[in-house]
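As structure tokens, the structure follows; a few thoughts come after it.
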Amino acid sequence: CPGLAGLELNSSCPNVSGGVDFGSDPAMTASVVSGVRQATRLPILAKLTPNVTDIAAIAQAAAEAGADAVTLVNTFAGMAIDWRRRRPILGNGVGGLSGPAIKPMVLKIVWQVARLVRVPIVAVGGIGSIDDVLEYLVAGATAVQIGSANFYNPTLAGKLVDELDTALTSANCHSVQEIIGTL
């Protein structure tokens, strides 16, 4: 497809029935990534679910099957309840928790996976400031995505790009590469 830079495979959506099935098992993840790799030369990012026992093994399987990067992570399984009606609020009963609440857990996952895989890591979860970006980079991410914060601050991405050089200078770094994985 003209204009398409890459593909992010969402093997981890908790908001639809069966949405995490093939992202919960290393062999199934590898099968999906391998199938997509055979169909395209575009870069493939495998977006993984945190709702597993060993996400590092799944990340490694995705990388070995041809993923060019892994995106860590999709949302954590959660639930919202209307206690008055005694019913789940979400149509599927459960859904995904995202935003600042998941950042400490995602930082740990990024750090764990970065120690095992040799493909770039795109971190997502609770990014609302340049400090959040730098924490992810130090943990081992090579890039970040902004999700929930776009709803309350649609100009955040541009602001973070503008602040990056100053933050790197304050850390005595001349490039992002110098700070990645330095925890």
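Summary of computed values
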item: Candidate set from segment 126-153 (those that are outside any helix (DSSP H, G or I) and out of contact with any strand residue (DSSP E or B) (no Cβ under 8 Å at 6 or more places or on another chain)); member that is surrounded by the most Cβ atoms within 10 Å (Cβ to Cβ); result: Gly126
item: Enumeration of residues in segment 57-76 that are buried (at least 18 other Cβ atoms within 10 Å of the Cβ) and in a helix (DSSP H, G or I); result: Ile58, Ala59, Gln60, Ala61, Ala62, Ala63
item: Yes/no for Val110 being in contact with a Leu (Cβ under 6 Å, 6 or more places away or on another chain) and either at pLDDT 95 or above or open to solvent by 60 Å² or more (accessible area, probe 1.4 Å) (or both); result: yes
item: Pair list, Cβ under 8 Å, 6 or more apart: segment 85-100 residue closer than 18 Å to Ser148 by Cβ, other residue acidic (Asp, Glu); result: Ile89/Asp82
item: Selection status of Val119, open to solvent by less than 20 Å² (accessible area, probe 1.4 Å), β-branched (Val, Ile, Thr) and not in a helix (DSSP H, G or I); result: no
item: Failed item in (1) over 19 Å from Glu8 (Cβ atoms); (2) part of a helix (DSSP H, G or I), with Val110 passing the rest; result: (1)
item: Filter result (touching a Pro at 6+ places or on another chain (Cβ under 7 Å) and touching a residue at least 40 places away in the same chain (Cβ under 8 Å)) within segment 58-73; result: Asp68, Ala69, Val73
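The values are calculated or read from the model by the stated rules, or taken from the named source; none is laboratory data. Keep in mind that this is a model prediction, so the values were computed, not measured. Quick reminder, even Gly has a Cβ in these numbers, built from the backbone with ideal geometry, and neighbours come from all protein chains shown. For accessibility, only protein heavy atoms count, side chains too; no ligands or nucleic acids. Shrake-Rupley method; radii C 1.70, N 1.55, O 1.52, S 1.80 Å.
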